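Every number in this text was worked out from the coordinates using simple rules, so none of it is lab data. Quantities reported herein were computed from a predicted structural model and do not represent experimental measurements. Neighbour counts run over all protein chains shown; Cβ positions are idealised from the backbone, glycine included.
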Amino acid sequence: MKQGIHPQSYKFVVFKDMSNGYTFLTRSTASSKETIKWEDGNEYPLIKLEISNTSHPFFTGQKVLVDTAGRIDKFNKKYAKK
């Protein structure tokens, strides 16, 4: 690996899957203004995820209806002819 290209400031962060409420604590360089109190009694920055391995159809083996209406509207708005 090249020296000096990897971040050195890893800190504990809680990631929360917003589709099913699953949370997990890990180390990351991601930052957030929101915090959450974890099971150990400490507060950690909270990073919200739309989907994680606990809700992704590939990992669960189930078909899940994802909110595509918002994505389609966003796409049409972004690429609409003016």
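Brief remarks on what is shown
- Close amide H partners of LEU49, meaning residues 5 or more places away or on another chain with modelled amide H under 5 Å apart, are LYS16, ASP17, MET18.
- Compared with the alpha-carbon gap, the fully stretched path from SER31 to GLU50 is longer by 5.2 nm at 0.36 nm per residue.
- In this structure, the pairs whose alpha-carbon distance is over 27 Å, taken from LYS2/LYS78; LYS48/LYS77; LYS33/LYS74, are LYS2/LYS78.
- Peptides 26-34, 42-50, 10-18, 71-79 ordered by average Cβ neighbours within 10 Å, highest first: 10-18, 42-50, 26-34, 71-79
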